[in-house]
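Comments concern the structure below.
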Amino acid sequence: MSGPASEGAPPAPPAASRAAARAGGPGRAALWAQAAESGSVLGMRFVQLLYRVFGRRAARLAVWPAALYFAAADRGGRRAHFRYVEALRSDAGEAVHPPATFWTLVRHLHEFGVNLFDRMIAWGGGLDDIRFLHRGSEHLFRLADEGRGAILIGSHLGSFDMMRLLAGRHGLIVNVLMYTRNAERITSFLRRLDPGSQVRVIALDPSSTRTAFEIRECLARGEFVGILGDRVWPGDREVRPISFLGRPAPFSLRPFLLAGVLGAPLLYAVCVRRGDSTYEAAVEPLHRGGTIPRAERRSLAAAWQRRYVARLEEGCRDTPRQWFNFYDTWSGA
């Protein structure tokens, strides 16, 4: 299983953004998230074949060689993992988390591989084989009953893809904002597994206002829009440093400002693995929607952002190996 792209992972940086890459921006995403799509799809097909012929246990064993390979080959990924573990240890105390080693990296990458494997099984019609625990789902159903759309602010913690697949099973339409250029073949492969999926992708174009208009149209139809708030994109002028695990890290205020401008409900959404074939999906309102005076939007957006980052910190402390943001988060602050 070679080089699966993470949810919403950015493409490799063009020449114009090399300075941002050196500064620790999105261009420093690890090889694990940027490897060739053809290898990714080939690996996914191989694991799918193992699953069909030999079952779940044999297919999951195939994840270990991939984790070992990328742990050895990806220096950027190693650096990012070590910085992340250092932040966890300084935040929670060295006695809580063991120091980073090659094997802690392998286990971190293996967890991501299992996450991708479960997504593939779910996309292939096996969602009923996965057990879901729910917390806060009543907020989504209430909005759906009222015909109101909302912004779901997620992250690379756990699997937002599982969250949107679960929502689709209950008839909720989720549009996800993401870079698609370096994940087109993988997305196409997953869609072939489930052609009737209710999931839709909004292609992120940082240089155009078209994306904002698409989001507004989705909300007007009573649909949900998912945005991953822990990744800074090129050209974003709303990036601000916020304390994350005790260290300043860059986060974008843009998704939160967008909710204020559109008057859309804003909900924190996360789905983490709690055991083999078991996931916990949680939703928490950050803003219930409604018109906000222009003068108050920025301060309210900043407050929602601080609550979001606090929830992300709690999730990283609770399931440290399930934050799959494989680039040096803090270096860009």
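Quick notes
- Our note on the geometry: Cα centres of the range 298-333 and the range 76-130, 15 Å apart.
- Relative exposure of Glu223, Glu314, Glu238, judged by other C-beta atoms within 10 Å (fewest first): Glu314, Glu238, Glu223
- Evaluated at q = 0.18 Å⁻¹: base-10 log I(q)/I(0), Debye formula over Cα of the range 38-151: -0.97
No lab work stands behind these numbers, since they all come straight from the coordinates. As the structure is a prediction and not an experimental result, all values here were calculated from the model. Positions of Cβ are generated from backbone atoms using ideal geometry, with glycine treated the same way; all protein chains shown enter the neighbour counts.
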